[in-house]
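Inspection log for the structure reproduced underneath, given as structure tokens.
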Amino acid sequence: MNDNKALVAAFLAAVSAKGMLEAVREYGSDDFCWWICGMGDVTPQLPHLSAAFQKIFDERGMVITPLRMIGEGDYVAVESLTDSRLHNGDEYKNTISHWITLSDSKIVRVAEYFDSAYGQKVIGPALGEALAELH
């Protein structure tokens, strides 16, 4: 596995273990951007999103397991599976594609694509409620 793939694997493991915000602090560049299809740049909302995910998911959090990676130069494409459970008992198992850009051993940009209709159905109401409580 090349260095960029190893770095991306470590980043996704940190997202699972520590949450989005801490993973970005550890692996992200100073000009890091997390872009989500349909939402745009969510980087300014990462503190609230991380806190909201802690509120809605059980103690395991948002577990992301990479299934395959393709790396070329400073770009790594990853297909992953989430395996998470909400506090209400619902399971969230979604397939996510991340297109990750790196520079100087730091992650510069994450572009995320997933089944947003499924995500809205399973975690949308709980996430919306948790975000509202944080504001």
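Every number in this text was worked out from the coordinates using simple rules, so none of it is lab data. Keep in mind the model is a prediction, meaning the values are calculated, not measured. For neighbour counting, all protein chains shown are included, and Cβ atoms are generated from backbone atoms with ideal geometry for every residue, glycine included.
DSSP beta bridges confined to the chain are antiparallel in about 85 percent of cases. Using only Cα atoms, locate the centre of the range 52-102 and the centre of the range 1-40, then give the distance between them in Å, rounded to an integer. Result: 11 Å between the Cα centres. Hey, what angle do you get for helix 46-56 against the long axis of the chain, alpha-carbon based, 0 to 90 degrees rounded to 10? Value to nearest ten degrees: 50.
How much mean residue ellipticity at 222 nm does the chain get from its helices, if each DSSP H run of length 4 or more adds -39500 (n - 2.57) and you divide by all residues, to the nearest 500 deg cm²/dmol? Spell out each step's value before the answer.
Details: 5 runs with 53 residues, N = 135.
Rounded to the nearest 500, the figure is -11500 deg cm²/dmol.
Within straight cross-link reach of Lys55, meaning Cα distance under 29 Å, which lysines are found once same-chain residues fewer than 8 apart are removed? Here the lysines satisfying the reach criterion relative to Lys55 are Lys18, Lys93, Lys106, Lys121. Between Ala10 and Lys55, the simple label model (points 7 Å from Cα in the Cβ direction) yields a spacing of 3.3 nm.
Between the helical axis of 3-18 and the longest alpha-carbon principal axis of the chain there is an angle of about 20 degrees. Within the range 8-70, the GluC sites (Glu not before Pro) that combine a DSSP coil assignment with at most 13 other C-beta atoms in a 10 angstrom radius are Glu59. Overall, the ratio between the Cα radius of gyration of the range 1-120 and 2.2 N^0.38 Å, rounded to two decimals, is 1.00. Looking at the range 14-81, the trypsin sites (Lys or Arg not before Pro) that sit in a DSSP loop and have at most 13 other Cβ atoms within 10 Å of their own Cβ are Arg60.
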